[in-house]
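What follows is a short report on a single structure.
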2 protein chains.
Amino acid sequence: DASAKVIDGKSVAKQIREEIAAEVSRMKDEIGVVPGLAVILVGDRKDSATYVRNKKKACESVGINSFEVHLPEDSSEQEVLNAISGFNDDPSVHGILVQLPLPSHMKEQNILNAVTIEKDVDGFHPLNIGRLAMRGREPLFVPCTPKGCIELLHRYGVEIKGKRAVVIGRSNIVGMPAALLLQREDATVSIVHSRTKNPEEITRQADIIISAVGQPNMVRGSWIKPGAVIIDVGINPVEDATSPRGYRLVGDICYEEACKIASAITPVPGGVGPMTIAMLLSNTLSAAKRAYNLQ
Amino acid sequence: DASAKVIDGKSVAKQIREEIAAEVSRMKDEIGVVPGLAVILVGDRKDSATYVRNKKKACESVGINSFEVHLPEDSSEQEVLNAISGFNDDPSVHGILVQLPLPSHMKEQNILNAVTIEKDVDGFHPLNIGRLAMRGREPLFVPCTPKGCIELLHRYGVEIKGKRAVVIGRSNIVGMPAALLLQREDATVSIVHSRTKNPEEITRQADIIISAVGQPNMVRGSWIKPGAVIIDVGINPVEDATSPRGYRLVGDICYEEACKIASAITPVPGGVGPMTIAMLLSNTLSAAKRAYNLQ
Ligand SMILES: NC(=O)C1=CN([C@@H]2O[C@H](COP(=O)(O)OP(=O)(O)OC[C@H]3O[C@@H](n4cnc5c(N)ncnc54)[C@H](OP(=O)(O)O)[C@@H]3O)[C@@H](O)[C@H]2O)C=CC1
Ligand SMILES: NC(=O)C1=CN([C@@H]2O[C@H](COP(=O)(O)OP(=O)(O)OC[C@H]3O[C@@H](n4cnc5c(N)ncnc54)[C@H](OP(=O)(O)O)[C@@H]3O)[C@@H](O)[C@H]2O)C=CC1
C-alpha cells in the first residue's frame with residue numbers, strides 16, 4: 001500500500017546530463033571552448049579513488065575535459081597548494097575539486113581556501129556561502145548536493161514558497177546550505193540537529209523534509225506529516241547477509257514506513273546520489289560559460 | 001500582573017561600555033595604541049546624522065578615537081570609494097562604518113565591499129557572513145545588532161543550547177545573522193518571514209523569540225509560549241498625541257500582553273537599541289586588538 005510517488009533521481013540526473021552534453025557541444029561549436037574540471041586526490045583511500053573515477057567518467061559522458069593530479073599520502077600541504085595554484089592559472093580548467101577527506105596532517109581549510117573562487121565548483125568557499133545566506137546576493141556556485149535536492153523538488157513541481165520545511169542535519173556541505181536554499185525560495189525553515197530535543201514533533205510539521213544525518217532509518221513513519229515530500233540525502237551502509245557485499249545502502253528515512261505516508265520520496269540509492277554528480281557537471285559548465293561571458 | 005523580568009539593555013550596555021573603556025585604557029598604557037573608528041556619512045538625512053553623532057559620542061565616552069568623513073548627497077561612488085580607501089590604509093583607523101542608507105544613485109554592494117574585511121566592524125561582508133554560517137569557521141566580526149541580542153541572553157543567563165528559538169524577520173543585518181548565531185549555540189532555530197503562513201503557531205513553540213520585523217505590536221500574547229524569553233529588535237514609531245513629538249516608539253511585540261506571559265522581555269526603547277552601539281564599540285576594540293595581536 002505504498003502511495004508515495006518515487007522521486008527518481010537517477011532518471012532526472014540522466015536528463016540533466018543530456019542537457020549539459022548539448023550545452024557543452026554548443027559551446028564547443030560556437031566558441032571552440034571545452035569546459036574542464038580538475039580533481040586533486042591525495043592519498044590512497046579506496047572510496048576517494050572510486051569517487052574521483054566516477055567524476056571523471058561523468059565528465060567524459062557529457063564531453064567535459066577532466067584533469068587529475070594524484071599526490072601521495074605523505075605529500076606536504078605546499079605540494080597540494082602548488083597543484084591548486086597550477087589549476088587556478090590554467091585557462092583550460094574551469095572547475096577545481098579537492099577530494100575530501102585530506103590526510104590528517106593537512107589543514108583542510110588552508111587547502112580549500114586556495115581554490116580561486118571562480119573555479120570553486122563545490123561552492124564551499126565561505127564567501128560563496130555568505131552570498132547564499134544573504135538576500136540580494138548571488139553565490140557563484142551552489143554546493144552540489146543541496147543544489148541537487150532543490151533541483152529534484154523543482155523538476156517534480158513541488159511548491160516551496162510558503163511551505164514549512166525541516167532540514168535534519170546542518171553540515172557545511174549539505175544541511176546548512178540546503179536550509180539556506182529553501183529559505184531563499186521562501187519556505188519557512190527549521191533546522192534539526194543532534195542537540196534538538198523533540199526532532200519528531202518538529203519534523204512532523206514539515207511539508208518538505210530534507211534529511212542529511214547519516215543515521216540509518218532514523219526518521220520513522222510517525223515523524224512524517226501525511227502528504228509530505230521527502231528528500232533523503234543519507235547514504236548509510238547496513239549489514240545485509242543476503243547481499244553479495246555483506247551490506248546494503250539505506251537512507252536516513254525508514255523508506256518502508258515513509259512511502260505509505262509521504263506524497264513523494266527519494267529512494268536510496270538512486271535519489272540524491274546521482275544528482276550530486278550531475279550538479280558538479282552543471283557547476284563546471286556554468287564556470288566555463290562565466291569565464292567567457294556566455295549567456 | 002506583569003510577571004516577566006525586564007531585560008535592561010540600557011544598563012547592560014552601560015556595563016559593557018565600562019568594560020570597554022577599561023580595556024581601551026589598558027591598551028593605551030601597554031602599547032600606546034588608541035582604537036579608532038571611522039564613519040562615512042553621505043548626504044543630509046537627519047536620522048543618519050543623528051546616528052553618526054550618537055556613534056561618535058559613544059566612542060568618546062569609552063576613549064575610542066572617532067574619525068568622520070561627510071560627503072555631499074551628490075558625491076560620486078568613486079568619491080566614497082576614495083574615502084574608504086583612505087581609511088583602509090590608515091593605521092590609526094581600526095574600524096570603518098558606512099552609514100546606510102546611501103543615496104539612491106550609489107550601489108550599496110560596491111561600497112560595502114570596498115571596506116577591508118579586517119576593518120568591517122559592521123560584519124556585513126559576505127565572507128564574514130559565510131564564516132558565521134559555517135561550523136568550524138570564525139567570523140572576524142559579528143554584526144552588531146544580533147550580537148547585542150545574544151549578549152543580552154548571555155548576560156541574563158538564558159540557556160540557548162537545545163532550546164527552540166524562533167527568529168521573526170530574515171534581513172541581512174538582523175534576522176538572518178541572529179538565526180545563525182542561535183544555531184551556532186545549538187538552539188533549534190525556525191525562521192519566520194513575510195511568506196510564512198502560520199507565524200503565530202510556529203512562534204508559540206519558541207522558548208526564545210527574537211523579533212526583527214518592523215511591524216508595531218505584531219506579536220500578540222497568543223503567539224507566546226508561557227515562560228518564553230523575548231528579544232524585541234523592532235523600533236517602530238506609532239502616533240501618540242500625548243507625546244510632545246506626536247509619536248512614540250514601540251517594538252514588534254505587544255509589550256502589555258507579552259509581559260504577562262513571557263519570563264523575560266526587552267523593552268522598546270531601552271532594550272536592544274543601546275546594545276547595538278555597545279557592540280560596535282566592542283567590535284572596534286577587537287579590531288584594534290587583532291591589528292596588534294593582543295590577547
Ligand atoms: N547523496 C549524496 O551525494 C551525499 C550524501 N551524503 C550523506 O548524507 C549524510 C550526511 O552527510 P554530512 O552532512 O556530510 O554529515 P555530517 O556528519 O557532516 O553531518 C551530520 C549532521 O546530522 C546531525 N545529526 C547527527 N545525529 C543526529 C540525530 N540523531 N538527530 C538529528 N541530527 C543528527 C549532526 O548534528 P550536529 O551538527 O549537532 O552534530 C550534523 O549536523 C551521510 O549519510 C552522507 O553519507 C553526504 C554528501 C553527499
Ligand atoms: N535595535 C536596533 O539597534 C535596530 C533595530 N532595527 C529595527 O528592527 C526592525 C527590523 O529591521 P530590519 O531587519 O532592518 O528590517 P527589514 O525590513 O530589512 O526586514 C524585515 C523582515 O521582517 C519580515 N517581515 C515583514 N513583515 C512581516 C510579517 N507580517 N510577518 C513576518 N515577517 C515579516 C520581512 O520578511 P521578508 O524577508 O519575507 O520580506 C523581513 O525579513 C525595524 O523595526 C528596525 O527599525 C533594525 C536594526 C537595528
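The values are calculated or read from the model by the stated rules, or taken from the named source; none is laboratory data. Note that the structure is a prediction, hence the values are computed from the model and not measured. When we count neighbours, we look across all protein chains shown, and the Cβ atoms used for this are built from the backbone with ideal geometry, even at glycine. Surface areas here come from the heavy atoms of the whole protein model, side chains and all, with no ligands, DNA or RNA. Shrake-Rupley method; radii C 1.70, N 1.55, O 1.52, S 1.80 Å.
Observations on the model:
- From phi via Karplus (6.51, -1.76, 1.60), per-residue ³J(HN,Hα) for segment A:58-75 in Hz, x at Gly/Pro: 4, 4, 3, 4, 10, x, 8, 5, 10, 10, 9, 10, 10, 9, x, 3, 8, 5
- Per-residue Karplus couplings for segment B:208-219, computed as 6.51 cos²θ - 1.76 cosθ + 1.60 with θ equal to phi - 60°, are listed in order as 10, 10, 10, 10, 9, 10, x, 10, x, 6, 5, 8 Hz, Gly and Pro entered as x.
- Computed from phi, the 3J(HN,Hα) profile of segment B:265-271 under the Karplus parametrisation 6.51, -1.76, 1.60 (θ = phi - 60°) reads 7, 7, x, 10, x, x, x Hz, with x in place of Gly and Pro.
- For chain B, the longest principal axis of the C-alpha atoms and the axis of helix B:144-155 are separated by about 60°.
- Chain B: angle of helix B:77-89 to the longest principal axis, Cα-based, in degrees nearest 10: 80
- Cα centroid separation, segment A:212-278 to segment B:200-223: 35 Å.
- With the label put 7 angstrom out from Cα along the Cα-to-Cβ vector, B:S92 ends up 5.6 nm from the copy partners, going from closest to farthest.
- Peptide A:205-212 has a mean shielding of 1, counted as Cβ atoms of other protein chains within 10 Å of each residue's Cβ.
- DSSP assigns beta bridges within segment A:143-274; of those with both partners inside it, close to 20 percent run antiparallel.
- Amide H within-cut-off set for B:V98, under 5 Å, with H built and near neighbours excluded: B:I40
- Label-to-label distances for A:E68 across copies, nearest first, come out at 6.4 nm, using points 7 Å from Cα in the beta-carbon direction.
- Helix B:175-184 and the long axis of chain B differ in direction by around 80°, with both axes built from C-alpha atoms.
- Spatially proximal lysines relative to A:K119 (Cα-Cα < 25 Å; intrachain offsets below 8 disregarded): A:K14, A:K28, A:K55, A:K56, A:K57, A:K107, A:K147, A:K289
- Residues of segment A:143-274: accessible area per residue with a 1.4 Å probe, Å²: 38
- Put simply, chains B and A cover up around 3200 Å² of each other's accessible surface, both sides summed, when a 1.4 Å probe is used.
- For B:A206, net neighbour charge (Lys/Arg +1, Asp/Glu -1) across residues whose Cβ lies under 10 Å away: +3
- Carbon and sulfur %, accessible surface of segment A:32-119 computed with the full protein complex present, 1.4 Å: 49
- Across identical copies of the chain, B:R220 has label-point separations of 3.8 nm, listed in ascending order, with the point defined 7 angstrom from Cα along Cα→Cβ.
- Sorting A:4-13, B:145-154, B:63-72 by average packing, meaning the other beta carbons within 10 Å per residue, from highest down gives B:145-154, A:4-13, B:63-72.
- Long-range HN-HN contacts of B:F67 with modeled amide H, under 5 Å: B:L37, B:A38, B:V39
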